[in-house]
Every structure is written in C-alpha cells, then in structure tokens.
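Every number in this text was worked out from the coordinates using simple rules, so none of it is lab data. Small disclaimer: the values here were computed from a predicted structure and weren't measured. Cβ atoms come from the backbone with ideal geometry, glycine included; neighbour counts cover every protein chain shown.
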Amino acid sequence: MSDGKQASVPCAGPAAQARPASRYWPARLPRQLVIPETSLWFNLEVAARRFPAKAATLYGGSAMSYATLHARAEALAGWWQSQGLQRGDRVALYLQNCPQFLVAFYAALRADAVVVPVNPMNKAEELAHLLADSGARGLVFAADLGPVVQQALSALPGPAPVLLGLHYADAWPADGPPPASGLTGPLRDWLLARPPLIPGATAWPAALEAGCRPGPALNGPDDLALLPYTSGTTGLPKGCMHTHRSLMANTCGGGLWGSASPEAVGLAVVPMFHITGLLYGVLAPVYWGMTMVVLPRWDRELAGQSISRHGVTHWTCVPTMIIDLFASPHYRSFDLSSLRYMSGGGTAMPQAVAQRLLDEFGLQFAEGYGLTETAAPTHANPPERAKLQCLGIPIFGVDSRVVDPVTLAALPPGEVGEILSAGPMVFQGYWRQPEATAAAFVEIDGRRFFRTGDLGRMDEEGYFFLTDRLKRMINASGYKVWPSEVELLLFQHPGVQEACVIATRDAYRGESVKAVVVPRAEARATLTEEALIAWAREHMAAYKVPRSVEFVESLPKSGAGKVMWRVLQARENEAS
C-alpha cells in the first residue's frame, strides 16, 4: 500500500459537529471491542474443536459439520502448497454460494494465501482483468463457468493460474440431494449438472483426496487476507487490501450487534463474493459457531421454505429480496416466526415493506451502511431504535464525520457533506495503486479517515442519512454498478464511438443502467438498442448490462473535453 502524503485537516472543534449517537447505543452492547490478535483461520480451528458435530452449513438438505469443514480446508490447503502456492500468493474464487466456497476460502487462508472473490456473473474480460491485476496463482471455479475461464485465460499476459474445478453436486452424496431439499425444476437441474472440466483443471474431489498436509500456519493479524475488487469513478476495478485484523473487526462486531450465538441459524443468500455476503455468510458465522443455510442464488420460494424448515433466526439481505418474498403467492404459508434479527443495506428499505414486516411478523428491519473498503458496516441501526431509509449510527470503534467535500471542514448536524470514516475495519489501501490510495484518505486530528465519496448528513440524534453520491455509482438492487467500467466495455463494440452511462429510475431495482451512445458513422443505420444490449449481455455481468440505450449525435462536453455526465443525469432525472 501507499505511504503517500495525505492531506491534514485541523480539528473543527466539538461545536462544529457533535456526535450524540452514544445516547442511543444499545445497552446490551459494549462501547468498544477487544479484537482477537489471531488469524481468521484460527476462528475455524476453534469452532471445529468446540462444535465438531454441529452443522456449519445446510445445503439442499445436506449438512457439512464443522469438523468436516476444517478437515477439507486442511486437505485443500495441503494440495495448494503441493502445487507451489507460497505465502502471500492470491487464490481467486469464481463460483456461486455453496459449501465448497467456505472450504476453498478457509483453505486459502490455511495456506497463508490471499483470497480474491470474483463475481460469478463476470464475463471473460472482467475475469481476465481481476486475474491479471491480482496476479492470482490459483483459481477455483465452477465447471459451468469453464468456457468463460478458458476465454479469460487466453487473454492473460502471463502464466495461467493453477486451476481447480468443481461441480455444485460435489456437495451431495452420489445419489444427489435428499427429497426434502426443496430444490426443484431448473434450479435442481443446474446444480446437479456435471459439465466437463476444461483442460488443465484438477477436479475438486481429486484435490481433497490427494492426501496432502499443509505446513505450519504462519499468517497473523496484520497479514493480507482478502483482495475484493471495487470500481471507482475512473479506470478499471481496484483491489481493496484487507488484513486478518481489519476483517476480524466486523467478524466479531457484526455478529455481536445482531446478537449472534452458536444457537443462531443464518440464511446465506447474499452472494459470498460480495463483501456483505462474505462477512455474514462466511466469516462471522464461523467465528460465532453458527449454522448457515446456504442458498446458491436468490429464489423466493426456496428462501421462504428454508426459513420455515430450518428455523432461521438471522437474515442479512438486500431489501429487494424481502419485496420479492412478499410478492410470492405462498408467502403467508411461510413460517417466519423463528426470525429474530433482520438487517441489510444496498438499497433503502421502503416504509410500506418495513411496516408489513413489523405488523405481520413483529420484525424490525435494521438498515446498515458500509463499503467494500470497510469490510461491510461502519454504521448500523440499533434494532431497538431503528430508523428507516437511514444508515444508522457508527458502530464499534468508528469515528464518522460529515465534512465539506472541498475544504474538508466539519459540518454541523443537518448539513449535507461527504461522509468520512475511520475505524478498525477500514482497508489498508488499493492493491498496487499508490495514487488512488493516497487520494482515498485524509488525516484529521492525527487519525486516518477514509473518504467514502458518499454525500450524507447527520441528524441531531447522531444517525446518518445518505443523500447523494459524490462518486458516479448506480445501485441496482444492491449491486454497485460503476458507469466508467460499463463505458470501457461498451467502447469495445465496433459500432460505438462514444458512450456515457447514467442511472435511470426503476420501480423494483431502485436504479437501472442506461447507456447514452454516439454510434460510429458506419453503424448509425444498423446499430439498434436491442443489438447493443444483446452484445452487452455477452461481455459483462448481467446486472451491469444497460436496460435501455439512447442514441445521440453527440455527448455534452466541458471546455476540457470531458463528458458532462451530470448534465445527462439531470436530464434523465427530470424525464423520470
């Protein structure tokens, strides 16, 4: 990471910005956490010793115990080291939610490697960038994504990573999931499919059965553990460097905030490649010894049945999932009485939906706020006193302020400015991006604050609210879409001369992607909206694909020649 110079801002004094949220801090919680000085791998060792026979995961009706999770992770770590994996090397995970994700994640940590989670919706160009930029030495992938992997490998400038391929059906006995799994139709067929592995890939069972043992675990709290990728206002996605220590902060605190315990049962349906899904589906549950009901992807009927069948107590989700669950014709038959804690973020929870949760099930939805750079939450609503469409209050060890985005002077309650946060969960910096790292932080009162790029305000009670975004970002059902990344991909189309991506309002997703395109002269008569969208589906993750395309003669530009995207966005907002 960079040790580059950071701006130093004098203290504006308590009169400028009081932080009264402590008045509403839950009485059941300590004000500060003592974060363990251990690695994340050690959390699994402890859980396996304490609860060897307890189910770590429930997946399609089959359980994987903590003892089995530990043994498989050790076996796979030994196999990785037999393939030449060294301490600090990167291992990418390219697959949907499944028990193997947890095995692969903890195996990489046991081998003293760094995990690079990859969105399984990513196409070849996106995957190739992440593999090349991270310098991944290993890649775990689902067999159905093999063709994408092959295409991505052909574009790599250096040597290919060691390949480990798996089938989702590997999580079940040979006769498949039990009849009571709840898996039906296309979802069951997809999970049971066994497409051939691409050449050069080792099969998952072969790696586990190789009989390899890893060397001593060496990594400690300040070693790099995770490299999730996020995009910014310019350029390609950047890796966020998280240590075992920065991840441990929310691993402990996130569960404590939601009253987690070994008796708790969670629903892991938020994608595990995403920092929220990783925290609440992979990291925190193992620390607390919880059982996780793992869903491979969102399916409202399967989710409702799983909560009912397994007595799910904790569910962190995107509000659109709850909206969809309520839209099911069978939702009144679902038994949600076991749920004790519901939280989430990504999009604001609509008042009407939150009221239905409260009226029909007695559940208070607690919204939170965080970023990939902060390992999920820096703010959360106390369930005892939650506010809707609100980020919540700063959690354990977090100092969060609202400042003028230009002068960085602290602003009083009620005024809108950029949200800055300092805390133990903040990342170390961007992977091999010293300039971007230096620009992301500012020093105030001798403490390093992360510039979130989000505009917000703090009310008189110390609760934070999001009002706008300083950065260009589209929030589509909780998926963060960075316009610059979509634009770079659109420019690869032979018929596109210029493109500017903006947000358009969507009643269900909150926002959707719209592309304003200047076609090349030779393509103006032939390039259609349908054709460009179809091309985009082949070259980028589905949630990034423009839902609409507007063809124009030219894009508005500043005197410096920069596209004035704010003009297009304002026009779209007015039209909506």
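Of note:
- Three-way shape label, the chain, alpha-carbon gyration tensor, a/c 1.5: rounded
- Model label sites at S82 and E460, defined 7 Å from Cα along the beta-carbon direction, differ in position by 6.8 nm.
- Residue ranges 202-212, 276-286, 390-400 sort as 276-286, 390-400, 202-212 when ordered by packing (mean number of other C-beta atoms within 10 Å per residue, highest first).
- Note: relative contact order over the chain, using C-alpha pairs below 8 Å and six or more positions apart, is 15 percent.
- Cβ-Cβ FRET estimate between R448 and R469, R0 fixed at 22 Å, reported to 0.05: 0.45
- Equivalent ellipsoid of the range 431-518: semi-axes from √(5λ) of the C-alpha gyration tensor, largest first, are 30, 21, 9 Å.
- Over the chain, DSSP H runs of length four or greater, each weighted -39,500 (n - 2.57), average out per residue to a 222 nm ellipticity of -8000 deg cm²/dmol.
- Beta bridges assigned by DSSP with both partners in the chain are antiparallel in approximately 55 percent of cases.
- Cα gyration tensor shape for the range 78-219, rounded if a/c is under 1.5, else prolate or oblate: oblate
- Q351 versus A542: modelled label distance in nm, points set 7 Å from Cα along the beta carbon direction: 3.3 nm
- The range 241-275 and the range 33-58 have Cα centres separated by 12 Å.
- Förster radius 51 Å - calculated FRET efficiency between S62 and E529 (Cβ-Cβ, nearest 0.05): 0.70
- Under 11 Å, Cβ to Cβ, from G220 - net charge with Lys/Arg +1 and Asp/Glu -1: -3
- With a cut-off of 15 Å on the backbone N, the residues of the range 59-96 near the modelled label site 7 Å out from E209 along Cα-Cβ are 76.
- Tensor-based shape of the range 474-575 (alpha-carbon gyration tensor, a/c under 1.5 rounded, otherwise prolate or oblate): oblate
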